[in-house]
Each structure stands twice: as structure tokens, then as C-alpha cells.
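S.K.: Structure provided below as C-alpha cells; questions to follow.
The values are calculated or read from the model by the stated rules, or taken from the named source; none is laboratory data. In this text the structure is predicted, and so the values were computed from the model without any measurement. Using ideal geometry, Cβ is built from the backbone for each residue, glycine included, and neighbour counts are taken over all protein chains shown. Side chains included, ligands, DNA and RNA excluded: accessible areas come from the protein's heavy atoms. Shrake-Rupley method; radii C 1.70, N 1.55, O 1.52, S 1.80 Å.
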Amino acid sequence: TVVDVGGAGWRNFSHFKKQVIDRSKTRVLAFLNIIGSGMKGVVPVEQNVNDMDPKMTALVAEQNPEVVGVKIAHYHGHEWEPYRRAVEAGEKAEIPVMVDFGGASPPLPLEKLLLDVLRPGDIYTHMYGGGGTVHGGRQAVVDDAGQLREGMLEAQDRGIIFDVGHGGGSFFYPVAIPAFEQGLKPNTISTDLHTGSMNDGMKNMLNVVSKMMDMGMSLPEVIRASTWKPAQVIQREELGHLSEGAVADVAVFGMREGAFGFLDSRENLKPGATRKLETELTIRDGEVVYDLNGLAATKWDE
């Protein structure tokens with residue numbers, strides 16, 4: 001299962017469904033962008049507040065069971081109205097909102113977004129990003145001295161979901177390590193997969209999972225944050241677990257031992273990792289679709 005987070009808005013979701021969702025062996029779910037035409041670029045499309053329609057976004061979400069949330073991303077400015085419209089759409093459709101906190105100069109206060117604008121169950125992604133960005137500026141969860149900002153742990157305790165959202169420009173070790181050491185661990189682990197991130201420090205899902213393990217999360221914690229917890233957050237609790245009667249979507253991993261290094265989004269190296277997960281076998285709805293070392297295969301001479 002993958003979740004596309006905000007590629008399409010209410011105006012073009014039907015095209016995305018026909019072109020991608022209905023043709024994919026992988027189960028594809030989606031967050032609707034609050035921008036009606038979807039994620040088409042920071043300027044000017046994603047700055048158009050007039051195209052942020054909570055009513056139509058909620059209506060399309062309610063008509064399509066593949067829609068599991070509302071996304072707002074890349075808005076540049078000091079107005080809170082775009083975020084409030086996204087929350088309004090989420091309230092109408094009874095689904096969570098994910099925020100990629102855009103940018104402003106000076107930056108908007110992250111504490112206000114998490115404690116005053118978003119609701120318990122809403123998602124703050126790119127949790128270990130921040131600082132100067134191509135969109136202007138956004139506050140990191142730690143200050144310039146590496147101290148966790150006020151309100152971060154309070155927001156998590158309140159029910160805000162902190163999501164990794166590694167991406168190509170949203171995971172920095174100078175933010176992640178001090179935040180992690182001061183208790184701000186991710187509720188959910190995600191990639192922000194695109195051509196830039198997959199060829200940069202992010203690589204793939206298990207590489208991100210292995211990074212979280214390298215920083216101190218246990219194996220059960222990283223698996224839970226990659227499977228069952230995300231399923232709960234998007235209200236699809238039939239997924240993300242191996243209980244009797246669940247759909248037969250199974251991933252089998254191997255634990256490699258050796259000397260590994262991990263890169264962040266600025267190509268800063270964290271050396272010294274000794275363990276790394278690797279996908280051995282993937283089963284989708286009971287069918288083997290990936291088999292690295294032939295675990296499910298018959299020997300050639302049998």
C-alpha cells in the first residue's frame with residue numbers, strides 16, 4: 001500500500017484515479033490537495049487561496065473511498081487561512097489533514113500551527129526538516145541551539161502525528177538527532193518518494209526505516225511506525241497488520257549486518273551503522289510480486 005499525499009485536488013482526482021489508482025497492482029490511496037488543481041508547483045498554483053475549496057474537497061473525498069486525508073503544502077505567506085481551510089475540509093469529510101508547512105519570512109510559529117490550528121489526529125510531516133528552504137523559511141522543531149522548541153512534545157501528547165516525510169530536502173541530522181535525543185520520535189515513518197529523493201539521501205522506505213533504527217528506535221517500534229500506526233492514522237485499520245483474516249499483504253525482511261552510512265537531505269553523513277533492513281520477499285494479496293533471493297521459488301532441477 002502506498003499513499004499519494006496531495007498530488008491531485010478535487011478538480012483532477014478522477015483523472016488520477018483512472019490513470020494510476022485503477023491500473024496499479026499496488027494499493028494506492030490518496031490525500032486530496034486543498035488546491036483544486038493539485039500539486040503543480042509552488043508558484044503560482046499552490047499560492048492560490050481562491051482555489052482552496054473546503055466544500056468541494058470534502059465532497060470529492062466522501063465520494064471516493066481511496067481518499068484518506070487532505071493535504072496542504074508549500075504555501076508561502078503569513079496567512080493562516082489556507083491551513084484553516086484544509087482543516088475545514090478535513091472536518092467536513094471526517095478525515096485527517098497533513099501539513100507540509102510552507103514558508104514565510106520571518107517564519108510562522110510552528111507551536112501555533114500544532115496547538116491552535118491542527119486537530120488531534122492531524123499530521124505534521126517533514127518533522128526533521130526546517131530552517132531555510134526553497135519556499136522561504138520554516139521553523140525546525142529545534143532552535144538554533146539544538147533545543148527542542150516549546151510545544152513540540154505537548155503537541156505530540158495532544159495527538160498531533162509527527163511524520164518523517166524524508167524527501168529530498170526535509171530530513172536533516174542537525175535537527176533529527178537533537179530532537180530525537182530530547183524525546184521527539186516519529187509516530188509514522190514515510191519517504192516523500194520522488195525522483196529527487198530516491199536518488200539522494202532518502203533512497204527507499206527501508207533505508208528511512210533503518211535510519212530511524214540507527215538513531216535509537218527498536219525494531220518493533222520502526223515496524224509499527226511503518227505499518228499499523230499509519231493504517232490507524234488514515235482510518236484504514238483493515239490494513240497494516242498480520243491478524244487472522246487480514247488481506248495477505250506481507251513483506252519479508254532480512255537484517256544485514258556490517259558497516260553502513262546514512263545521508264540526510266544535505267548529504268551530511270552519519271557513519272557507524274551496523275544494521276540495515278533489506279527486502280527479501282513481497283506478497284501482494286497472496287501473490288508473490290518480489291523475491292530477491294528466490295525464497296518462494298522452486299529449484300531449477302526439481
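S.K.: Sorted by mean Cβ packing within 10 Å, highest first, what order do the peptides 173-184, 87-98, 272-283 take? Walk me through the intermediate numbers first.
M.R.: Values: 173-184: 18.7, 87-98: 21.4, 272-283: 15.5.
Those peptides, ordered most packed to least, come out 87-98, 173-184, 272-283.
S.K.: Could you pull out which residues in segment 140-159 have an amide N less than 20 Å from a spot 7 Å beyond the Cα of V117, following the Cα-Cβ vector?
M.R.: 140-143, 149-159
S.K.: Once each part is reduced to its C-alpha centroid, what is the distance from segment 210-256 to segment 128-196 in angstrom?
M.R.: Centre-to-centre (Cα) distance: 21 Å.
S.K.: Also, I was wondering about something else. Run the simple label-point estimate for M56 and R27 please: 7 Å along Cα→C-beta, distance reported in nm.
M.R.: A separation of 3.1 nm, rounded to one decimal place.
S.K.: If you take the Cα atoms of segment 82-162, find Rg, then find the Kirkwood Rh from the mean of 1/r over all pairs, what is Rg/Rh?
M.R.: Working: Rg = 12.5 Å, Rh = 13.0 Å.
A ratio of 0.96.
S.K.: Send over the Kirkwood Rh of segment 51-189, from the inverse of the averaged 1/r over different Cα pairs, rounded to one decimal Å.
M.R.: It works out to 15.2 Å.
S.K.: Between their Cα atoms, which of K71/K229; K25/K55; K25/K203 are more than 27 Å away from each other?
M.R.: Those over the limit are K25/K55.
S.K.: Rounded to a whole number, what is D in µm²/s for segment 168-302 from Stokes-Einstein with the Kirkwood radius over alpha-carbon pairs (10 °C, 1.306 mPa s)?
M.R.: 96
S.K.: Same structure, new question: Considering the convex hull of the alpha carbon atoms of segment 76-123, report its projected area averaged over all viewing directions, in nm², one decimal. Don't skip to the answer; put the middle values down first.
M.R.: Working: hull surface 12.2 nm².
Average of the hull's projected areas for segment 76-123 equals 3.1 nm².
S.K.: Using a Förster distance of 51 angstrom, determine the FRET efficiency expected from the C-beta separation of L219 and W80, and round it to 0.05. If you can, show how the numbers build up before the last one.
M.R.: Details: r = 40 Å, r/R0 = 0.78.
It comes to 0.80.
S.K.: Moving on. Please report the orientation-averaged projected area of the chain, defined via the convex hull of its C-alpha atoms, in nm². Numbers along the way, then the final one.
M.R.: On the way: hull surface 67.4 nm².
The orientation-averaged projected area of the Cα hull of the chain comes to 16.8 nm².
S.K.: Below 8 Å between Cα atoms, with a sequence gap of 6+, how large is the relative contact order for segment 2-246 in percent?
M.R.: On the way: 477 pairs, mean separation 30.1, N = 245.
About 12 percent, as a whole number.
S.K.: Semi-axes of the equivalent ellipsoid of segment 117-247: what are they in whole Å, largest first, if each equals the square root of 5 times a C-alpha gyration tensor eigenvalue?
M.R.: 24, 18, 14
S.K.: Still on this structure, please answer the following. What's the center-to-center distance, using Cα atoms, between segment 37-77 and segment 269-287 in Å?
M.R.: What the calculation gives is 33 Å, centre to centre.
S.K.: Using the per-residue mean of other Cβ atoms lying within 10 Å as a proxy for protection, in what order, highest first, do the peptides 26-36, 7-17 fall?
M.R.: 26-36, 7-17
S.K.: Could you tell me whether segment 41-124 comes out rounded, prolate or oblate from its Cα gyration tensor? Rule is a ≥ b ≥ c as square roots of the eigenvalues, rounded for a/c under 1.5, then prolate if a/b exceeds b/c, otherwise oblate.
M.R.: oblate
S.K.: Report in % the part of the accessible area of segment 2-246 that belongs to carbon and sulfur, leaving out ligands and nucleic acids; probe 1.4 Å.
M.R.: 50
S.K.: How do M127, M215 stack up against each other in accessible area, from largest to smallest, with a 1.4 angstrom probe?
M.R.: On the way: M127 0, M215 30 Å².
Ranked from most to least accessible, the order is M215, M127.
S.K.: Then there is this: Sorted by mean Cβ packing within 10 Å, highest first, what order do the peptides 71-79, 243-251 take?
M.R.: 71-79, 243-251
S.K.: Spelling out what I want: for every residue of segment 240-250, take phi, set θ = phi - 60°, compute 6.51 cos²θ - 1.76 cosθ + 1.60 (Karplus), and round to whole Hz; glycine and proline get x.
M.R.: x, 8, 10, 5, 4, x, 6, 4, 7, 9, 9
S.K.: Work out how much length T298 to K92 would gain on full extension: take 0.36 nm times their residue separation and subtract the Cα-Cα distance, in nm to one decimal. It would help to have the intermediate numbers written out before the result.
M.R.: Numbers: separation 206, 0.36 × 206 = 74.16 nm, distance 5.22 nm.
Using 0.36 nm per residue and subtracting the Cα-Cα distance, I get 68.9 nm.
S.K.: Here is a follow-up. If I model a spin label as a point 7 Å beyond the Cα along the Cα-Cβ vector, how far apart are those points for S243 and E154 in nm?
M.R.: 3.5
S.K.: Leaving out ligands and nucleic acids, and using a 1.4 Å probe, what accessible area per residue does segment 2-246 come to in Å²?
M.R.: 43
S.K.: Before anything else, pin down the relative contact order of segment 53-150: Cα pairs under 8 Å, at least 6 apart, normalised by residue count, whole percent. Intermediate values should be presented prior to the final figure.
M.R.: On the way: 153 pairs, mean separation 25.4, N = 98.
Contact order relative to length: 26 percent.
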